[in-house]
Structure formats: C-alpha cells, structure tokens
Amino acid sequence: MLRCAFIAAALVFMSSLLPAVASVTSEVWGKTAAGQDVHLITLTNASGMVVRLISYGGIIVSIQVPDREGQVADVVLGFDTLEPYLGKHPHFGCITGRYANRIGGASFMLDGVMHEVTANSGKNHIHGGKNSFDYQVWKPELKADQNAVALTYTSADGEEGFPGKLDCTVTYSLSDDNTLKIEYHAVTDKTTVVNLTNHSYFNLAGEGSGDVLGHEMMIPADQYTATDDALIATGESPAVANTPMDFTTPHLIGERIDAPFKALQQGKGYDHNYVLRGYTPPASDSAEAAPLLLAARAKDPKSGRVMTVHTTDPGVQFYTGNHLKGVRGKGGHVYETRHGFCLETQKFPDSPNKPQFPSATLRPGETYQHITTFKFSAE
C-alpha cells in the first residue's frame, strides 16, 4: 500500500515537471434566464498561461500569468460564477458593441439619413446600448489547430437603433509566447457604423490586490481626443506635451491622476481616447492591410508583470476604473475606485458625427476587421 502511494505521489510530482500542452476546451458554465447554455472556454498554451472566457458577451473571465518569480496570478477583474455577469456590472471583460464608447446625442447622420440609437448615458449612447453585445449569447466554435475559439453573433437590422443586419465573428487565440490575440470581423447588408473592442479591467499585481496607481503606463500617442463635460468628443485633438495626459514616456498611473487639469476633472481620472502614432487608414477596410501599432505598455513594478498591447485601430481608450465602487468580485474581493485599468483599442469616440476622425462606416461588400494583441511577460 505504501509502495503504491509512493508511486502515485511520484507520478504526480513528475507530471508537474512536464511542460504544459497547448489546448482549447469548452464546458457548460450555466444558463441564462432564458435557458440558453453559456459555455466556459479555456485556452492553455505550452508556457502554462491560461485564458478563460465565456460565450455570454465574449467575456474574458480570467487571465493567469506568472510574475518574475514564477508566481501565477489572475490579472483581470471579474466574478467566480456566471450569475453576476448576467446582471448589471461595469462591462467586465466583454465584447463591447455594436459601437464601443460614446455617440453624442444618441444619433448620427449616414448617407443623408438620421439614425437614432439607444440613449443609455443621459441623452447620449454608450457601448452599444441597453441590450448590447455583452448581453448576448455568442455561438462558440473551437479551433484546436489554432489554439483558438471563434464566437459568432448576428445583430439584427435595427437592434438598438443601428441599421443593417451585422454578422460578427470574434476569435480569441493564445500563442506560446503568452500573446492573446483578438480578431474582430463583421459584414453588413446595409450601410452602418461599427466599433468593437474588449473591455477587460487589468491589475497586473493580481485582481483584488488593491489599486493600480503604482503601475507604470506608456502610451505612444502625441494627441488625445478632447471631450465636453459629458465626455462626448468635441472633434479637437490637443497635444499631450507638457500636460498630465502625456504617457509617451512611462509614468506611474497615480502620479498625475488628480492634477487640476480639465480633462482629468471631466473623467474623474483617465477616461480618454489616445491618438496612436503611425496610424494610416488602409486602402480598404481590412485589418490585413493595416499594420499592428503599439498601443500601450503597462508594468507592475512590484511583481514585474508586463502587458504590451498592439492594435490595427487608430485609438486606445485608457480608463482607470474611476467609477468602480464596492463591486464584490472573485474570492470575495471588493473592487473599489481605480482597482483596475482598461485599454480599449478602437475607432475614435463619436466618429459617426466627426468627419475629421477615421471613419467607422461599414458598407455592404466590405469587411470590418480589427486585431488587438495582449502580450504578457515579466522582468
């Protein structure tokens, strides 16, 4: 009996020394109130990094990565079970659409026709409306040969006021160099506007570890898009130089967040779209024709964890969780103000009403394509 126990223990120990094997798996995590199955998809790479997401809203529920000592932590805010995701929450980890960020006056003119979309932020529109993409059950398709999962959803013509039937596919893949890649594709049968992103809240020290004010942030952008007091883009793009908005060299997030600067006072901290260096509109609406631009590099000096973000889109919304307050998350942790930050790669806010901004218009026969990568490392 002792010999069997010794052999079993030895096998467990030896298996722990074996390298991880890349895999993608799926299981039913629960059901919606309407009885729809929600799948939990787990992506694991050969380095041992693990990403978990669900078919409800395409929500990333967990990203587990090591620090400089090899200690693994979950670096995204969220919940342990499905039920809280089904209710109201701060858009944790979700696919945000059909139009991420804000549309002023919840309306826009397109080819001479005025379209009114859901006003769910005062008189304005934000993040796709009241029944947005993060409240939909997407259909998952595992792609073992790519260590990926593709989620599909069809947004009906007129959903939340947007014109056109929009067929969407969002693919998550995990490579062995600890890069999570998110690819967005959409086609429409009527001219419409599209702006999709991911709304994960990151804390590289580990979710539940407190605020992110001690994180270093670098954003290679010489301008940001100014807003009014309702955080609607004015159409102006002021320079960041000599202001607390400047992250062209690394700064601690908390270093200047409470400075008496109008943009920070409007957002109650950072909640601004940055104009990324080097963006050139592609000849056609195709991510393959657009280069991946560096969007941000974040580092937690204590753990050494680093996250580097690249995108084919022209902007990134840097948001410092200014409105988090008493949200009970994983392990009973309570998330408070500035306990996480978002880096939402995107078209510019209110682009449908700002012809000087890169276009968010999608026409029949075109394909909306957008790629963002999140690469994790430690130093």
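Where a number appears in this text, it was derived from the coordinates with a stated rule and is not lab data. Fair warning: this is a prediction, and the values are worked out from it, not measured in the lab. Every residue, glycine among them, receives a Cβ derived from its backbone with ideal geometry; neighbour counts consider all protein chains shown.
Pulled fully out, how much extra length does the chain show between residue 34 and residue 156, if you take 0.36 nm times their separation in residues and subtract their Cα-Cα distance?
Numbers: separation 122, 0.36 × 122 = 43.92 nm, distance 1.86 nm.
Working it through step by step, the gained length comes to 42.1 nm.
On full extension of the chain, what length is gained from residue 177 through residue 165, given 0.36 nm per residue of separation minus the C-alpha to C-alpha distance?
Numbers: separation 12, 0.36 × 12 = 4.32 nm, distance 3.69 nm.
Between residue 177 and residue 165, full extension yields 0.6 nm more.
Using alpha-carbon pairs under 8 Å, 6+ residues apart, how would you state the relative contact order of the range 263-355 in percent?
27
Counting only helical runs of four or more DSSP H residues, what would the 222 nm mean residue ellipticity of the chain come to if each run contributes -39,500 (n - 2.57) and the total is spread over all its residues? Can you show the working numbers first?
Working: 3 runs with 27 residues, N = 379.
Computed mean residue ellipticity for the chain: -2000 deg cm²/dmol.
Can you pull out the trypsin sites (Lys or Arg not before Pro) in the range 92-129 that DSSP calls coil and that have at most 14 other Cβ atoms within 10 Å?
Working: sites: 98, 102, 123; in loops: 98, 123.
Here the trypsin sites (Lys or Arg not before Pro) that fit, given the DSSP loop and packing criteria, are 123.
To the nearest Å, what is the center-to-center distance of the range 288-332 and the range 68-100, using C-alpha atoms only?
13
Hey, which aspartates and glutamates would be in cross-link range of residue 330, C-alpha to C-alpha under 12 Å, not counting anything within fewer than 8 residues on its own chain?
Excluding near neighbours in sequence, the set is 74, 80, 207.
What order do you get for 309, 316, 193, 113 when you list them from fewest to most C-beta neighbours inside 10 Å?
On the way: 309 21, 316 28, 193 24, 113 9.
Least to most surrounded, the residues fall as 113, 309, 193, 316.
Placing +1 at every Lys and Arg Cβ and -1 at every Asp and Glu Cβ, with all other atoms neutral, what dipole size does the chain have around its Cα centre, in debye to the nearest 20? Don't jump to the answer; show the numbers that get you there.
Values: 30 positive and 40 negative charges, 100 e Å.
Magnitude of the dipole: close to 480 debye.
Neighbouring Cβ atoms within 10 Å as the yardstick, rank 125, 215, 251 fewest first. Each step should come with its number before you reach the end.
Numbers: 125 30, 215 24, 251 17.
Listing 125, 215, 251 from fewest to most nearby Cβ atoms yields 251, 215, 125.
Scan around residue 31 for amide H atoms under 5 Å from its own, H built in the peptide plane at 1.01 Å from N, and keep only partners 5 or more places away or cross-chain.
Those lying under 5 Å, H to H, from residue 31 are 38.
Can you compute 3J(HN,Hα) from phi for each residue in the range 162-169, using the Karplus curve 6.51 cos²θ - 1.76 cosθ + 1.60 with θ = phi - 60°, rounded to whole Hz and x for Gly and Pro?
Per residue, the Karplus-derived 3J(HN,Hα) values read 7, x, x, 6, 10, 8, 10, 9 Hz.
Treating only the Cβ atoms of Lys and Arg (+1) and Asp and Glu (-1) as charged, compute the dipole magnitude of the range 157-215 about its Cα centre; round to the nearest 20 debye.
Numbers: 3 positive and 10 negative charges, 23 e Å.
Approximately 120 debye in magnitude.
Quick one: if the Förster radius is 22 Å, what FRET efficiency do residue 256 and residue 72 give, using the C-beta to C-beta distance and rounding to 0.05? Spell out each step's value before the answer.
Numbers: r = 32 Å, r/R0 = 1.45.
So the FRET efficiency works out to roughly 0.10.
Please work out the FRET efficiency for the pair residue 236 and residue 213, using the Cβ-Cβ distance as r and a Förster radius of 25 Å; give the result to the nearest 0.05. It would help to have the intermediate numbers written out before the result.
Values: r = 28 Å, r/R0 = 1.13.
About 0.30, to the nearest 0.05.
Calculate the all-directions average of the projected area of the range 20-378's alpha-carbon convex hull, and give it in nm². Kindly include the intermediate steps, with their values, before the conclusion.
Details: hull surface 66.2 nm².
The number I arrive at for the range 20-378 is 16.6 nm².
Please give every one of the lysines within straight-line cross-link reach of residue 130, meaning a C-alpha to C-alpha distance under 23 Å, and leave out same-chain neighbours fewer than 8 residues apart.
31, 88, 139, 165, 190, 325, 347
Between residue 20 and residue 367, what is the label-point separation in nm under the 7 Å Cα-to-beta-carbon projection?
Here the answer is 3.0 nm between the modelled labels.
Please tell me the relative contact order of the range 10-144 in percent, rounded to the nearest whole number, where contacts are Cα pairs under 8 Å and at least six residues apart.
Values: 241 pairs, mean separation 26.4, N = 135.
In percent, rounded to a whole number, it is 20.
Between the range 258-280 and the range 121-175, how many Å separate their Cα centres?
Cα centres, the range 258-280 to the range 121-175: 27 Å.
By the scheme Lys and Arg +1, Asp and Glu -1, what is the net charge of all other residues having a beta-carbon under 14 Å from that of residue 178? Intermediate results must be reported in sequence, preceding the final value.
Values: positive: 68, 181, 305, 375; negative: 67, 176, 177, 379.
Local charge sum for residue 178: 0.
Sorting 248, 373 on the 10 Å Cβ count, fewest up front, what's the list?
Numbers: 248 15, 373 19.
By the 10 Å Cβ count, ascending: 248, 373.
Compare the Cα positions of 59, 198, 374 along the charge dipole of the chain (+1 at Cβ of Lys, Arg; -1 at Cβ of Asp, Glu; about the Cα centre) and return the one farthest towards the positive end.
It is 59.
Taking only C-alpha pairs under 8 Å that are 6+ residues apart, what is the relative contact order of the chain in percent? If you can, show how the numbers build up before the last one.
Details: 985 pairs, mean separation 65.4, N = 379.
So the answer I get is 17 percent.
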